[in-house]
Amino acid sequence: MSEELVWRIAGGSGDGIDSTSQNFAKALMRSGLHVFTHRHYPSRIRGGHTYVEVRASTEPVRSRGDGHNFLLALGDSFARNPQEEAYYGTEEIKPLAENLDDLREGGVIVYDEGLIDVEEIPDFDERVEENDWHVYPLDLREMARDMGREVMRNTAGVGATGALLEYDLGHIEDLMADAMSGEVLETNLEILEAAYQQVDDLEFTHDLRAPEGSHEGEQVLVSGSNAIAYGALDEGCRFIAGYPMTPWTEVFTLMSQHLPEIGGISEQVEDEIAAAALAIGASHAGVKAMSGSSGGGFALMSEPLGLAEMTETPVVLVEAMRAGPSTGMPTKPEQGDLEHVLYTSQGDSNRVVFAPGNAAEAYEQTRTAFELAYDYQLPAIVLYDQKLSGELRTVDESVFDREPTPDLGSTLSEAEIAEAAHHASGKFRRFKRDPDDDGGVSPRSIPGQQGGRFLATGNEHTPEGHISEDTDNRVAQLERRLRKMDAIRDELDGRESTHQTLHEPVEGADYGILTFGSQQGTVEEAVDRLAADGHAVKSLGVSALMPFPEAEVTAFLESVDEALVVEMNGSAQFRGLIQKELGRFGPKLHSLLKYNGNPFEPGEVVEGFETIIDGDEPAPTTRFVPAAGD
């Protein structure tokens, strides 16, 4: 029995890699293991090398691992260019050839010799011997063809995996029975068992086996997209408008599937301007509403975002980062939209921005985003990335055990409107310059309420909503809107859940690592490794980015001599935000950056930290930027 399995299944887009890996991950979870997945795929409908890693352990896992120890290479059955001289190389063999660099010493390889000719991979035999890899060639395609259809070769691959790991197929068979029936089910079960028996008859040369574990509480396997959608639904969102764009599409799809079941509405519209505008209109009309996109689509939302801020219409937007600029690498993760999300709009804008670090935080912070948006009448944005969007991980079911919250926040009843201030014309003073609320919130009415009539315009306006360029009015209204940010920060600081995650395995740490969003778990695992090696280090994952958590970040930086800022972009945007808000700590801050289309591995963070301590070279996949003056 092994402590950890990192199983990578590789093939072509369209070969069922994602669905097969999800089922295997669910089976491992049902076996009592903690699971974390990492998905890598090209921006093509069919064909092109894709893989999914499934990391399973008896202990909770927070990150992808350093490489993998089991490779199932199916080949690319949709390869456009099987010729060696093709521009993109021999695509059929890439699921094996391009995954060897990450395979750990002593790892296991199963490849489909019906599609992959190892003679086409330079120095394959030499690398196998040098790294003590254990290779099991199987004609999975022929097996699937003989018993069913070629597409079922991934089932054969799972059967071979089960035999090599001495893993019981019961949970896999149950999941297959949940997903299919009739002749299709029977054929898949036959192929699964045949592959298992064929491999079980071989002489094993490896010692890797499936871990064995158990869960204390009921677990669910969810992605960040699942968590955002469930958080929105539980917080009472009943309207969404959007336009598909990877990777935001997953949240949009989930919401579109579930909203009609509970009386909600989903609208796919012609572009992202219309999507954001519809969500703002729905919110103005009295329903909790959301929209979202990825970077390019969110750019189009800049104008309606400013409209929501000026009219003080609550709305929640989600922004799923991917590698840019422009279309960039649309299926690869990056954290390059931070400044875009913080500052896009017109003039002195005000908004709330959360960047959750895992699925549990994505659920919690989506709910908080709706709460703050509707209490303080402004836009709230949930910022995540392709990594968090698609990775699956085991989460305790109790995380999602919270009561729904349907109320609309700072909204008046008709009886309260009757007692509120009105203009001589009868219009409700919706935008009072001196509201009773010290947080700058002037309670709103909903269209159709008796006595609640007011104007909503993108221009600066009087308390009733009439356009005004009066200087005193402008100063009063702008300062009132900005006061909301201080009030929100005070509220968040006073909560038990601060939306910053401190990880301190040893007391009195001299060094710190800061990150935001989806790299949080990876950094925490790296900190644990460093602490085990005798380094006094701790980490802080920052999720509440606007208004900035000045007190918590200040306390963290004051407690350490130096800090490493870890982020997935090339321009150190999070480090720049820290220095903008807390400039005096600039000389303490180093950067570790990664922007090659893959998220950090824990070992890369460890090497980046050791660059500070020992002057070692960072991993070749990352870039280290020292503190100013170093």
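The values are calculated or read from the model by the stated rules, or taken from the named source; none is laboratory data. All values derive from a computational prediction rather than experimental measurement. When we count neighbours, we look across all protein chains shown, and the Cβ atoms used for this are built from the backbone with ideal geometry, even at glycine.
Scanning region 528-543 for residues that are small (Gly, Ala, Ser) and crowded, with 24+ Cβ neighbours inside 10 Å, which turns out farthest from GLU610 (Cα to Cα)?
Here the residue is SER543.
Going residue by residue through region 204-226, is there one that turns out to be out of contact with any strand residue (DSSP E or B) (no Cβ under 9 Å at 6 or more places or on another chain), farther than 30 Å from LEU372 by Cβ and in a helix (DSSP H, G or I)?
Looking through region 204-226, none of the residues is out of contact with any strand residue (DSSP E or B) (no Cβ under 9 Å at 6 or more places or on another chain), farther than 30 Å from LEU372 by Cβ and in a helix (DSSP H, G or I).
Of the residues MET301, MET310, which is in the same structural domain as GLY224 (by TED's automatic domain parsing), farther than 21 Å from HIS40 by Cα, surrounded by 19 or more Cβ atoms within 10 Å (Cβ to Cβ) and touching a His at 6+ places or on another chain (Cβ under 9 Å)?
Of the residues listed, the single one that is in the same structural domain as GLY224 (by TED's automatic domain parsing), farther than 21 Å from HIS40 by Cα, surrounded by 19 or more Cβ atoms within 10 Å (Cβ to Cβ) and touching a His at 6+ places or on another chain (Cβ under 9 Å) is MET310.
What pairs come up if the first residue lies in region 491-506 and is modelled with pLDDT under 90, the second is surrounded by 15 or more Cβ atoms within 10 Å (Cβ to Cβ) and hydroxyl-bearing (Ser, Thr, Tyr), and their beta carbons are under 6 Å apart, counting only those six or more places apart or on different chains?
Matching pairs, first to second residue: HIS499/SER543.
Here are ASN596, ASN569: which of them is under 16 Å from ASP337 (Cα atoms), at pLDDT 95 or above and surrounded by fewer than 19 Cβ atoms within 10 Å (Cβ to Cβ)?
ASN596
Mind listing whichever residues of region 6-49 are more than 20 Å from the chain's Cα centre (by Cα) and among the aromatic types (Phe, Trp, Tyr)?
Passing the criteria: TRP7, PHE24.
Select from region 395-412 the residues that are assigned to a strand (DSSP E or B), within 22 Å of ASN358 (Cβ to Cβ) and either in contact with a Cys (Cβ under 8 Å, 6 or more places away or on another chain) or β-branched (Val, Ile, Thr) (or both) and list them in ascending order.
VAL395
When you go through TYR136, TYR111 one by one, which is the residue that is in contact with a strand residue (DSSP E or B) (Cβ under 9 Å, 6 or more places away or on another chain), part of a strand (DSSP E or B) and either closer than 20 Å to PHE78 by Cβ or not assigned by TED's automatic domain parsing to the domain that holds GLY16 (or both)?
Only one candidate qualifies: TYR111.
Go through (1) in contact with a His (Cβ under 7 Å, 6 or more places away or on another chain); (2) assigned to a strand (DSSP E or B) and name the single condition GLU524 misses.
(2)
Give the number of residues within region 468-509 that are under 18 Å from ASP375 (Cβ atoms), among the small types (Gly, Ala, Ser), in contact with an Asp or Glu (Cβ under 9 Å, 6 or more places away or on another chain) and not in a helix (DSSP H, G or I).
Counting residues in region 468-509 that are under 18 Å from ASP375 (Cβ atoms), among the small types (Gly, Ala, Ser), in contact with an Asp or Glu (Cβ under 9 Å, 6 or more places away or on another chain) and not in a helix (DSSP H, G or I) gives 1.
Please verify whether GLY281 is surrounded by fewer than 21 Cβ atoms within 10 Å (Cβ to Cβ), over 28 Å from THR394 (Cβ atoms), of a type in the set (Gly, Ala, Ser) and free of Cβ contacts under 8 Å to residues at least 24 places away in the same chain, treating the condition exactly as stated.
yes
Could you list all residues from region 199-218 that are over 17 Å from PHE70 (Cα atoms), in contact (Cβ under 8 Å) with a residue 24 or more places away in the chain and exposed (fewer than 12 other Cβ atoms within 10 Å of the Cβ)?
Hits for region 199-218 are SER214, GLY217, GLU218.
Suppose the filter is assigned to a loop (DSSP other than H, G, I, E, B), surrounded by 19 or more Cβ atoms within 10 Å (Cβ to Cβ), out of contact with any strand residue (DSSP E or B) (no Cβ under 8 Å at 6 or more places or on another chain) and not charged (D, E, K, R); does TYR196 pass it?
Criteria not met by TYR196.
Tally up the residues in region 150-170 that are in a helix (DSSP H, G or I) and surrounded by fewer than 19 Cβ atoms within 10 Å (Cβ to Cβ), please.
3
Out of VAL441, VAL523, I need the residue that is assigned by TED's automatic domain parsing to the domain that holds PHE548 and of a type in the set (Val, Ile, Thr). Which one?
That would be VAL523, the only listed residue that is assigned by TED's automatic domain parsing to the domain that holds PHE548 and of a type in the set (Val, Ile, Thr).
How about region 19-47: which of its residues are in contact with a helix residue (DSSP H, G or I) (Cβ under 7 Å, 6 or more places away or on another chain) and not in a helix (DSSP H, G or I)?
SER31, VAL35, THR37, ARG39, GLY47
Would you pick out the residues in region 327-339 that are part of a helix (DSSP H, G or I) and surrounded by fewer than 18 Cβ atoms within 10 Å (Cβ to Cβ)?
Residue satisfying the conditions is GLU339 alone.
Taking the criterion of being part of a strand (DSSP E or B) and assigned by TED's automatic domain parsing to the domain that holds SER326, would at least one residue in region 269-288 satisfy it?
no
How many residues does region 347-394 hold that are surrounded by 24 or more Cβ atoms within 10 Å (Cβ to Cβ), among the acidic types (Asp, Glu) and not in a helix (DSSP H, G or I)?
2
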